[in-house]
Each structure stands twice: as structure tokens, then as C-alpha cells.
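I am attaching a structure below and will ask some questions about it afterwards.
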Amino acid sequence: MSALILAETNRFLSRRMTRYFPLSLAGLMVLGIVIAIIVVNVEGTGGVNFVEDIVALQEGSSSTDVLGPMGLLIPIMAFVIGASYFGADEKAGMIEHLLTWEPRRWRLLVARAVGGGVSIFVIASLLSLFLVGLLFLLSVASDGDTSGVGDVIGPILGSVLRSGLSGAFFLLIGLGLTVVANNSTVTIVGFALWVFVVELALLSGILPRWTQWLPVSNALSFVPGSDFEVFPGPFNDSEVFEATFLYGPTMAGFRILVWGIAVIAIGALVFQRRDID
């Protein structure tokens, strides 16, 4: 089994999607920081304080706002890479060959889940750490105050770790759903529509409490380490501006993990029972 996991890990890392998607995100981060440096220096808005402005730490909280955007970017990246990992075999006609491996199909899927999950964990963590480095560079380039960085190293590393875990969990979701649908394009398009149209637009505004059961909404809390809160929707007029605390980031991460395990388990069951057409 270890040899199979190693082989699938090497195969996963050799794919262009695994390399180019993270590199594209890193390139966009660099572009954003360059633009920010130019704007800050041209407009003379003053230096960026790394500790107070970039990493917002409240008393009694370990929330790291600097990695808040990664709560959305990392899940999208991991899901797409996970979906395309299986989808590439489907497009290349390899699925029929894999289905002849009757007794050990589940081992193949587990090897891909483990190899891909560990790889994405490392990639996502490095991307998050890279973003922190770029923001520190922005602070230095804009003559901002970088004193006290040592006081926030712990919370930053915690968010970096959580972003890696989030990536691993969403890779499982993307891989499992593609196994069930047997079509990566359908899975990726469906995921995008669900996240941006249903989960983040409709449900968060109309039925906000439902979002506590959804993976992306929990990732937005889990990665930065913030509490999961909901704002009452339009049908709660008397409390429309009051946030309701539901649970902390640990529970948010646990719910994403449950999603990942459940979806990959369903995918394994479907793959085990699938017949050759």
C-alpha cells in the first residue's frame, strides 16, 4: 500500500494542474502586492503596519485576518485539482482499465486521497506562508512598522496549518464528487455555481443558519481561525444587525473534515460497485 501511495503522490505532483494552479495563485498574489506598493507610495497614504493592519488580533482571539481570503481561494484550488485528478483518467479513457482492478479499487482511491491530500496540505500551507511573506514585504516597502512580528508568529503559523488542512479536506470532496459524477467538468462547474450562487449569495442572505452545515462557509471561519457567526436574514427584521455566535474554528474545521470523509467514502462505494460499460 505504501508503494501505491508513493506512486500516486508522484503522479499527482507531476500533473500540470497541480503545478500551474498554485503558481497562478502565487503570481496573482505578487501582482496584487506590487500594485499595493505602487498605490501606497504614489498616493502617500502612509506606511502599512504589519502587526496592527495586516494581522488583526483581538483580545482573547487568535483570528488572523491576513489569511481570510485563503479560506475561499484554497478550497477552490484544492477542489478543482482533486476533481481533475480523477477526471483526467476519465477523459483519457483510463477508467475502464482501472475498473478491471476488481479486488483493489478502493486501495487505488485511498492511495490517491492520501497522496493528493498530503501534497495539497503542503502546497496550500506554502502558498499561505508565501502570502504572509508578501504582506511583510509590503509593510517594509511602504515604510510601515514591522515591530512586534514575533508576537504574532504563533497565530500566523496556526492559520497556515489550517489552510493546509482545509486544502486537504476539499481535495477529498472534489475527488469523491468526481468519482460519483464520473465527469470533472460537471463537478467543477456545479461546485462553482453552488458556492457563488447558492451558498454565498442566496443561503447566506436568506437562510444564514443553514450555512453552518456547508463546507465553504466553514472554511471561511476555519482558515483565519475566527468564530463562526451568522447574521440574521431579511425575515428576522428585529435582529437584522445582530450577529449570532454558533461555534469556534475547531468545530468549523471538524465539519469540513466530516464532509471530506463522507464524500470520499461515498465515492469509494460507487467506484467499487461501478461496472464496465
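The values are calculated or read from the model by the stated rules, or taken from the named source; none is laboratory data. Since the structure is predicted, the reported quantities are computational estimates derived from the model, not experimental observations. In this analysis, Cβ positions are derived from the backbone assuming ideal geometry, glycine residues included, and neighbour counts consider all displayed protein chains.
For residues in the stretch 193-219 being touching a residue at least 40 places away in the same chain (Cβ under 8 Å) and of a type in the set (A, V, I, L, M), which is farthest from Ile123 (Cα to Cα)?
Val195
Further question on the same structure: Looking at Ser119, Ser139, Ser128, can you tell me which residue is at pLDDT below 80 and among the hydroxyl-bearing types (Ser, Thr, Tyr)?
The unique qualifying residue is Ser139.
Collect the residues in the stretch 86-116 that are surrounded by fewer than 24 Cβ atoms within 10 Å (Cβ to Cβ), of a type in the set (Gly, Ala, Ser) and either under 13 Å from Ile5 (Cβ atoms) or at pLDDT 90 or above (or both), keeping them in residue-number order.
Hits for the stretch 86-116 are Ala111, Gly115.
Name the pairs: first residue in the stretch 242-270 and touching a residue at least 12 places away in the same chain (Cβ under 8 Å), second residue of a type in the set (D, E, K, R) and part of a helix (DSSP H, G or I), Cβ to Cβ under 9 Å, at least 6 apart or on different chains?
Within 9 Å, the pairs are Thr244/Arg209; Leu246/Arg209; Tyr247/Arg255; Pro249/Arg162; Gly253/Arg162; Ala268/Arg105.
When you go through (1) modelled with pLDDT of 90 or more; (2) surrounded by fewer than 16 Cβ atoms within 10 Å (Cβ to Cβ); (3) touching a strand residue (DSSP E or B) at 6+ places or on another chain (Cβ under 6 Å) one by one for Ala243, which number turns out not to apply?
(1)
Still on this structure, I have one more. Take Ile156 and tell me if it is in contact with a Ser or Thr (Cβ under 8 Å, 6 or more places away or on another chain), part of a helix (DSSP H, G or I), over 30 Å from Gln272 (Cα atoms) and not aromatic (Phe, Trp, Tyr).
It is true that Ile156 is in contact with a Ser or Thr (Cβ under 8 Å, 6 or more places away or on another chain), part of a helix (DSSP H, G or I), over 30 Å from Gln272 (Cα atoms) and not aromatic (Phe, Trp, Tyr).
Restricting the search to the stretch 191-226, which residues are among the hydrophobic types (A, V, I, L, M, F, W, C) and within 18 Å of Pro249 (Cβ to Cβ)?
Trp213, Leu214, Val216, Ala219, Leu220, Phe222, Val223
Here is a yes/no grid of residues against (1) in a helix (DSSP H, G or I); (2) hydrophobic (A, V, I, L, M, F, W, C); (3) out of contact with any Phe, Trp or Tyr (no Cβ under 7 Å at 6 or more places or on another chain):
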site	(1), (2), (3)
Ala168	yes, yes, no
Leu172	yes, yes, yes
Leu177	yes, yes, yes
Phe191	yes, yes, no
Glu199	yes, no, yes
Leu202	yes, yes, yes
Gln212	yes, no, no
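What tally of residues in the stretch 221-231 results from selecting those that are surrounded by 22 or more Cβ atoms within 10 Å (Cβ to Cβ) and either assigned to a helix (DSSP H, G or I) or not aliphatic (A, V, I, L, M) (or both)?
Adding up the residues that qualify gives 5.
Would you say Ile173 is in contact (Cβ under 8 Å) with a residue 40 or more places away in the chain, crowded, with 23+ Cβ neighbours inside 10 Å and in contact with a helix residue (DSSP H, G or I) (Cβ under 7 Å, 6 or more places away or on another chain)?
It is true that Ile173 is in contact (Cβ under 8 Å) with a residue 40 or more places away in the chain, crowded, with 23+ Cβ neighbours inside 10 Å and in contact with a helix residue (DSSP H, G or I) (Cβ under 7 Å, 6 or more places away or on another chain).
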